[in-house]
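The next block holds one structure in the form of structure tokens; read it before the comments.
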Amino acid sequence: MKNKRDQAKARVEFRIHVFIFIAVIVLLAIINLFTSPENLWFIWPMLGWGIGLVVHALRVYVFSGEEGLKERMIQHEMNKDN
């Protein structure tokens, strides 16, 4: 199971990832709207990167304690037998 320091580090790294994502997507949107407003191509990198961002969020906030989850499931199964 990850310790608190590792969890905090992962959350900080995720927040940095979100900030960079927003900055780059805004920059791409501005470039797109000034160069070819009839074709909104910035949506495609936003969707692709957004999927990666969702996966990153899931790993940090949902599946961060996989070892802990495994141990809880084992404990649950052992308690069912009693």
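Read-outs: derived from the displayed coordinates by stated rules, not from any lab. This is a predicted model, so every value here is computed, not measured. Cβ: placed from backbone, ideal geometry, glycine included. Neighbour counts: every protein chain shown.
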For the subset of the range 1-48 comprising residues that are within 13 Å of the chain's Cα centre (by Cα) and of a type in the set (Phe, Trp, Tyr), which member is nearest to residue 73 (Cα to Cα)?
14
List every residue pair whose Cβ atoms sit under 7 Å apart, with the two residues 6 or more apart in sequence or on different chains, where the first one lies in the range 41-52 and is touching a residue at least 24 places away in the same chain (Cβ under 8 Å) and the second, anywhere, is assigned to a helix (DSSP H, G or I).
49/21
